[in-house]
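Colleague: Provided herewith is a single structure, encoded as C-alpha cells, for subsequent inquiry.
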Amino acid sequence: MGHSVLLWDIPDKNLQDGDIVPVYIKSNISHVYVISVPGTGERMEVPLWQISEPQSCHKAKKLAKKYSE
C-alpha cells in the first residue's frame with residue numbers, strides 16, 4: 001500500500017514515533033494496518049490511529065520530518 005509514519009511508540013518492537021514503516025494491508029473490519037517491522041521483516045497489526053495514512057516513501061519521509069520539527 002505504501003509507507004506510513006508511526007504516530008505512537010510500540011516499545012515491545014523497538015518502534016519509536018516518527019519511524020517510517022511499510023504498510024501491506026488495511027482491514028476496515030478489524031480497524032488495523034498490517035505493517036512490517038523494519039530490520040526484522042516481521043509483520044504485525046497496528047490500530048489505524050497509530051500510523052499515518054499510507055503514501056509514497058518520499059511523502060512519508062516529508063511527513064516524518066514535519067512531525068520532528
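Colleague: If you scan segment 27-60, which residues turn out to be under 20 Å from Asn14 (Cβ atoms) and aromatic (Phe, Trp, Tyr)?
Modeller: Taking segment 27-60 first, the residues under 20 Å from Asn14 (Cβ atoms) are 32-47, 50-52, 60.
Passing the criteria: only Tyr33.
Colleague: For Ser30, state whether it is modelled with pLDDT of 90 or more, open to solvent by 50 Å² or more (accessible area, probe 1.4 Å) and among the small types (Gly, Ala, Ser). Break it down stepwise before answering.
Modeller: Working: modelled with pLDDT of 90 or more: yes; open to solvent by 50 Å² or more (accessible area, probe 1.4 Å): yes; among the small types (Gly, Ala, Ser): yes.
When the stated conditions are applied, Ser30 passes them.
Matching residues to (1) crowded, with 18+ Cβ neighbours inside 10 Å; (2) assigned to a helix (DSSP H, G or I); (3) modelled with pLDDT of 95 or more:
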| site | (1), (2), (3) |
| --- | --- |
| His3 | yes, no, yes |
| Asp12 | no, yes, no |
| Gly18 | no, no, no |
| Tyr24 | no, no, yes |
| Pro38 | no, no, no |
| Glu53 | no, no, no |
| Ala60 | yes, yes, no |
| Ala64 | yes, yes, no |
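Colleague: Turning to a different aspect of this structure: For Trp8, which of the numbered conditions (1) loosely packed, with under 14 Cβ neighbours inside 10 Å; (2) modelled with pLDDT of 95 or more; (3) among the aromatic types (Phe, Trp, Tyr) fails to hold?
Modeller: So Trp8 meets the others, but not (2).
Here is a yes/no grid of residues against (1) among the aromatic types (Phe, Trp, Tyr); (2) at negative phi:
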{"residue": "Leu6", "(1), (2)": "no, yes"}
{"residue": "Asn14", "(1), (2)": "no, no"}
{"residue": "Gly18", "(1), (2)": "no, no"}
{"residue": "Pro22", "(1), (2)": "no, yes"}
{"residue": "Trp49", "(1), (2)": "yes, yes"}
{"residue": "Glu53", "(1), (2)": "no, yes"}
{"residue": "Lys61", "(1), (2)": "no, yes"}
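Colleague: On to the next question. With the requirement that a residue be outside any strand (DSSP E or B) and within 12 Å of the chain's Cα centre (by Cα), what does segment 40-51 give you?
Modeller: Residues satisfying the conditions are Leu48, Trp49, Gln50.
The values are calculated or read from the model by the stated rules, or taken from the named source; none is laboratory data. Keep in mind that this is a model prediction, so the values were computed, not measured. Backbone-built Cβ (ideal geometry, glycine too); neighbour counts: all protein chains shown. Surface areas here come from the heavy atoms of the whole protein model, side chains and all, with no ligands, DNA or RNA. Shrake-Rupley method; radii C 1.70, N 1.55, O 1.52, S 1.80 Å.
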